[in-house]
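Accompanying notes for the structure given below.
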Amino acid sequence: METNFTISLDSIAEVNAFANMIAHFTSEIDLSSGRYIVNAKSIMGIFSLDLTQPLTLTVHGNDEIDEITEAIAPYIKIKEKLALKWMPVFLYH
């Protein structure tokens, strides 16, 4: 199973921190921008992407999905963060 997230990496420091953090996971994790896909654990691969645009992070498998989701929280785009944080509210009349 694949799980996708939309993230942004806005600085060299963020790219470095992100790559180092992702490298600790054993799951296969990719980053893509447009038609280009790289190994998310490769700092050189990340720098080959267009970092001015949102990136798609794809986690292959479910073994570490909860840990990965928590670790990448600072990089998830705001709209997606809100969707993860808020539960549906039902109004009764």
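The values are calculated or read from the model by the stated rules, or taken from the named source; none is laboratory data. In this text the structure is predicted, and so the values were computed from the model without any measurement. We place every Cβ from the backbone using ideal geometry, glycine too, and count neighbours over all the protein chains shown. Remember, those area values only see protein heavy atoms, side chains included, never the ligands or the DNA or RNA. Shrake-Rupley method; radii C 1.70, N 1.55, O 1.52, S 1.80 Å.
Observations on the model:
- Solvent-accessible ranking of GLU64, GLU14, GLU2, largest area first, probe 1.4 Å: GLU2, GLU14, GLU64
- Environment charge at ASN39 (Cβ cut-off 11 Å; Lys +1, Arg +1, Asp -1, Glu -1): -1
- Computed extension gain for GLU70 through GLU28, at 0.36 nm per residue and net of the alpha carbon distance, reaches 13.5 nm.
- Ranked from largest to smallest solvent-accessible area, with a 1.4 Å probe on the protein heavy atoms, PHE47, PHE25 come out as PHE47, PHE25.
- Rounded if a/c under 1.5, otherwise prolate or oblate - segment 1-44, Cα gyration tensor axes: oblate
- Estimated at the nearest 10 Å², the accessible area of THR52 is 120 Å² with a 1.4 Å probe.
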